[in-house]
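Presented below is the structure to which this report refers.
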Amino acid sequence: MEYSALSFRPSANIAELRESATIAVSQRAKALKAEGRDIIDLGAGEPDFGTPAPIIGAAKRALDDGATRYTAVEGILSLRQAIAGDANREYKGTDGITASEVVVSSGSKQSLYNACMVLFGPGDEVLIPTPSWTSYYEMVGLARATSVEVHGDPARGYKVDPERLERHATPRTRGIMLNSPSNPTGAVYSADELRAILDLASARGWWVISDEIYRRISYDGAAPGALDVATRRDNLIVVNGVAKAWAMTGWRIGWTVSPPAVARSMTAFQSHTTSNAATVSQYAGLAALSLGEPVERTVRDMVTEFKARRDAALPILKASHKLTVLPPDGAFYFYIKVPGAGAVPDAGGAFCTHLLEKAGVAIVPGSAFRTPDWVRVSYAADRGQVIEACRRIVATADAM
Ligand code: PLP
């Protein structure tokens with residue numbers, strides 16, 4: 001049976017939605033692999049490690065103990081207490097965070113979406129330091145608010161400062177999305193840089209959504225987080241989750257720490273969309289945060305390996321005559337300006353296509369992050385493959 005031509009026109013809710021640019025590249029890479037081509041895929045935004053074994057063991061035991069039913073929408077109390085405890089321990093000068101400030105969701109992506117939906121609406125403007133993770137713009141749009149790109153300074157890893165933010169502010173500005181360490185640049189804001197932005201937001205009455213999903217993947221100790229420097233928490237929503245640092249992307253556990261009134265509102269919103277995050281995954285998240293050294297050691301080992309890959313690959317990229325690379329201090333991405341930048345409308349996209357077809361390396365065009373002269377290279381892959389791919393990237397660029 002064929003579908004009739006009864007035409008599907010997307011609703012106004014998603015009329016502006018852009019498909020993820022990363023998916024197009026990875027589909028083409030898969031197709032080439034299926035044809036037998038030697039493809040190195042550095043497009044993925046997920047660690048190439050397995051979830052630490054003690055976490056998997058804890059999840060299996062939870063299933064045997066019956067963790068198969070609905071839980072409270074906002075998550076099991078023990079996990080929310082563990083998240084609050086982790087925040088009180090990990091952030092300098094922070095104490096007194098309680099489970100009433102924590103909402104657990106199906107990945108930090110849902111946490112971010114919940115926050116956008118309850119904080120922003122039509123007529124509101126939200127400042128997004130750019131380049132930025134592609135979904136922020138879409139989430140703000142889904143909340144029917146307007147995202148305002150604030151381009152950072154490439155010489156400072158594309159970071160923004162209060163002056164740049166002020167320049168884009170209007171009376172309709174309602175909030176700002178922060179992300180340190182950053183996807184896609186790997187830039188890490190210092191405590192002073194963060195404090196200056198938070199002070200501005202407080203003075204101007206803006207919400208701050210601080211996405212700290214890469215916080216533990218940082219090469220000079222834990223990256224400063226908003227809770228390290230905030231003098232007040234009543235305009236602050238901190239987002240985190242287990243996906244990246246604990247190599248748990250598929251478990252789908254993220255969370256927010258926010259004022260209780262915001263937490264209640266996000267819980268009500270989530271109660272009509274997904275209800276609780278998967279029950280067994282919540283127990284896995286609890287294990288990640290509470291098993292201590294056996295898990296922490298694995299996380300440290302992963303970060304050490306990411307750093308080793310960065311240190312091995314960065315000199316190769318820097319030796320290119322045609323590429324400009326931002327040295328990352330966290331996360332697991334190189335952000336690179338490609339040949340043709342400024343001369344053609346989507347230099348990054350053209351380079352990605354050329355590189356994949358000619359040299360068999362899949363990477364992500366910077367247009368996904370609203371900076372089309374750039375490309376993102378993930379080093380969440382075997383070190384030898386990362387090195388080989390970087391050699392091919394340089395050879396391709398320098399021959400252009
Ligand atoms: N925030 C940033 C900056 C990301 O890069 C990602 C994933 O790529 C997410 C959030 C979403 O992570 P999660 O798997 O917890 O939904």
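The values are calculated or read from the model by the stated rules, or taken from the named source; none is laboratory data. Everything quoted here is computed from the prediction, not taken from an experiment. Backbone-built Cβ (ideal geometry, glycine too); neighbour counts: all protein chains shown.
The combined condition, being surrounded by fewer than 20 Cβ atoms within 10 Å (Cβ to Cβ) and at pLDDT below 95, is not fulfilled by residue 123. Within segment 224-243, being within 16 Å of the ligand (Cβ to nearest atom) and at pLDDT below 95 holds for no residue. Residues in segment 13-31 that are surrounded by fewer than 17 Cβ atoms within 10 Å (Cβ to Cβ) and farther than 23 Å from residue 136 by Cα: 30, 31. Which residues, taken from segment 127-175, are in a helix (DSSP H, G or I) and within 16 Å of the ligand (Cβ to nearest atom)? The answer is 134, 135, 136, 137, 138, 139, 140, 142. Within segment 72-89, is even one residue outside the structural domain of residue 386 (by TED's automatic domain parsing), in contact with a Lys or Arg (Cβ under 7 Å, 6 or more places away or on another chain) and within 16 Å of the ligand (Cβ to nearest atom)? The answer is no; no qualifying residue exists.
Table: residues versus (1) outside the structural domain of residue 243 (by TED's automatic domain parsing); (2) touching a helix residue (DSSP H, G or I) at 6+ places or on another chain (Cβ under 6 Å); (3) assigned to a helix (DSSP H, G or I); (4) farther than 30 Å from residue 190 by Cα.
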| site | (1), (2), (3), (4) |
| --- | --- |
| 312 | yes, yes, yes, no |
| 335 | yes, no, no, no |
| 341 | yes, yes, no, no |
| 345 | yes, no, no, yes |
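Condition test on residue 395, is it surrounded by fewer than 18 Cβ atoms within 10 Å (Cβ to Cβ), at pLDDT 95 or above and among the hydrophobic types (A, V, I, L, M, F, W, C)? Give the derivation first.
Working: surrounded by fewer than 18 Cβ atoms within 10 Å (Cβ to Cβ): yes; at pLDDT 95 or above: yes; among the hydrophobic types (A, V, I, L, M, F, W, C): yes.
Yes; evaluated as a whole, the condition is true for this residue.
If you go through segment 356-381 and keep only what is more than 20 Å from residue 217 (Cα to Cα), surrounded by 24 or more Cβ atoms within 10 Å (Cβ to Cβ) and hydroxyl-bearing (Ser, Thr, Tyr), you end up with just 371. With respect to the conditions (1) aliphatic (A, V, I, L, M); (2) exposed (fewer than 15 other Cβ atoms within 10 Å of the Cβ); (3) within 16 Å of residue 26 (Cβ to Cβ), residue 319 lacks only one, and its number is (3).
If you go through segment 246-277 and keep only what is under 29 Å from residue 199 (Cβ atoms) and buried (at least 24 other Cβ atoms within 10 Å of the Cβ), you end up with 254, 255, 256, 257, 258, 266. Scan segment 33-58 for residues that are surrounded by fewer than 21 Cβ atoms within 10 Å (Cβ to Cβ), within 16 Å of the ligand (Cβ to nearest atom) and either of a type in the set (A, V, I, L, M, F, W, C) or under 14 Å from residue 283 (Cα atoms) (or both) and jot them down. Of everything in segment 33-58, those that are surrounded by fewer than 21 Cβ atoms within 10 Å (Cβ to Cβ), within 16 Å of the ligand (Cβ to nearest atom) and either of a type in the set (A, V, I, L, M, F, W, C) or under 14 Å from residue 283 (Cα atoms) (or both) turn out to be 44, 49.
Regarding residue 263, is this residue more than 16 Å from the ligand (Cβ to nearest atom), outside any strand (DSSP E or B), at pLDDT 95 or above and not assigned by TED's automatic domain parsing to the domain that holds residue 98?
Values: more than 16 Å from the ligand (Cβ to nearest atom): yes; outside any strand (DSSP E or B): yes; at pLDDT 95 or above: yes; not assigned by TED's automatic domain parsing to the domain that holds residue 98: no.
So residue 263 fails the test.
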